[in-house]
1. Can you give me the accessible area per residue for the stretch 72-131, using a 1.4 Å probe, in Å²?
2. Sort Glu93, Glu129, Glu80 by accessible area with a 1.4 Å probe, largest first.
3. Mind putting a number on the dipole of the chain about its Cα centre? Charges go on the C-beta only, +1 for Lys and Arg and -1 for Asp and Glu, and I need it in Debye to the nearest 20.
4. Quote the FRET efficiency, to the nearest 0.05, computed for Leu178 versus Leu87 with a Förster distance R0 of 30 Å and r equal to the Cβ-Cβ distance.
5. Give a residue-ordered list of calculated ³J(HN,Hα) values for the stretch 113-123 (Karplus: 6.51 cos²θ - 1.76 cosθ + 1.60, θ = phi - 60°; whole Hz; x for Gly, Pro).
6. Would you list, by chain and number, the lysines whose Cα falls below 24 Å from the Cα of Lys150, excluding same-chain residues fewer than 8 positions away?
7. What number, rounded to the nearest 500 deg cm²/dmol, is the helix-based mean residue ellipticity at 222 nm of the chain, given -39500 (n - 2.57) per DSSP H run of at least four residues and division by all its residues?
8. State the percentage of accessible surface on the stretch 1-126 attributable to carbon and sulfur atoms; use a 1.4 Å probe and exclude ligands, DNA and RNA.
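The values are calculated or read from the model by the stated rules, or taken from the named source; none is laboratory data. Note that the coordinates shown come from a computational prediction; the quantities given were computed from them, not determined experimentally. Note that each Cβ is placed from the backbone with ideal geometry, even for glycine, and that neighbours are counted across all protein chains shown. Note: accessible area is taken over every heavy atom of the protein model, side chains too, but ligands, DNA and RNA are not part of it. Shrake-Rupley method; radii C 1.70, N 1.55, O 1.52, S 1.80 Å.
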Amino acid sequence: MPSIYDFKPQFQAWLRPWAGELVKRGVTANQVTLAAFVLSLVVGLLLTLNPGRTLPLLLVPVALFARMALNALDGMMAREHGQQSRLGALLNELGDVASDAALYMPLALIPGLCAVMGITAVTLGIATEVVGIAALSIGAPRGYQGPMGKSDRAVAFSVLAVVAAMGWHSAWTNLIVLMIVILAITTIANRIRAALASATKD
């Protein structure tokens, strides 16, 4: 299924000059990875302390775009500038899951939003990444299948935050979360099927 992840090469091409500049200034890929987590943590804390407030909600899409850029940058810095490391690989995967939890879970506090469904959406999002990583344990490639991969979740939760900030009826926010849940379940199924198919061929 199509995913925003398919546009990653174009996004990386746009950011590539910045990766080189950061390396020249002595910044490491691991520092960029940690910066993405800290950004998510700070915005998540603002959301937790100010549930339903307009400004923190509008910061969500800004933070998510910045986080996607930082995630792309740390990968390019590692691969293209000799900064790959075992620690970096672990931080990259852990950082994605921890950042999702820190930034998305507080959205369950949005007034009128079904908290259980919000938490379920975040949990399933984390599960998609776990399944993608688990594919490696059976000899299959790391799973990135959609339709609700990391980048897709960022867009979906950004829309949720903006709709909530605009004060739209809670039916809209709950509908968005329901769509995230359904697409996350589909993504998990797609990643499991792809992993099993690849492992069987090998």
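1. On the way: 2650 Å² over 60 residues.
Result: 44 Å² of accessible area for each residue.
2. Values: Glu93 45, Glu129 10, Glu80 85 Å².
Most to least solvent-accessible, the answer reads Glu80, Glu93, Glu129.
3. Details: 14 positive and 10 negative charges, 36 e Å.
Charge dipole of the chain: 180 debye, to the nearest 20.
4. Details: r = 38 Å, r/R0 = 1.28.
Approximately 0.20, to the nearest 0.05.
5. Along the stretch 113-123, the couplings run 7, 5, 4, 4, 5, x, 5, 4, 4, 5, 4 Hz.
6. Hits, sequence-local ones excluded: Lys8.
7. Working: 7 runs with 152 residues, N = 202.
Using -39500 (n - 2.57) per qualifying helix, the result is -26000 deg cm²/dmol.
8. Values: 4870 of 6790 Å².
The nonpolar share, carbon plus sulfur, comes to 72 percent.
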